[in-house]
Amino acid sequence: MRETLKRLKGWRTRLSNAAFAVVGLLALVEPQLWAAVVPVKYQGAVLVVSALANILLRQVTTGPAGTKV
């Protein structure tokens, strides 16, 4: 796992944002499926966690996206 994270250095923030975008599109296109995956009362918390994850990734990023510094 640690080795995989090392190989993803420079791409983690982009990959997490892409994953959050896919989830957002799922919520827009198929709201019932989104509600089945994440109950309505937790959907706001999921958005907060995704934002915090992006903030954390930006804080630990040492270089431009796509580069290994």
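Scanning segment 18-65 for residues that are under 16 Å from LEU5 (Cα atoms) and touching a helix residue (DSSP H, G or I) at 6+ places or on another chain (Cβ under 7 Å) turns up ALA53, ASN54, LEU57, ARG58, THR61, ALA65.
Can you name every residue in segment 1-55 that is hydroxyl-bearing (Ser, Thr, Tyr) and touching a residue at least 12 places away in the same chain (Cβ under 8 Å)? Within segment 1-55, THR13, SER16, SER50 qualify.
Within segment 34-53, being closer than 17 Å to ASN17 by Cα and among the aliphatic types (A, V, I, L, M) holds for ALA45, VAL46, LEU47, VAL48, VAL49, ALA51, LEU52, ALA53.
Values quoted throughout were computed directly from the atomic coordinates according to the rules given, and no laboratory measurement underlies them. Since the model is a prediction, treat every value here as computed from it, not as a measurement. Positions of Cβ are backbone-derived with ideal geometry, glycine not excepted, and every protein chain shown enters the neighbour counts.
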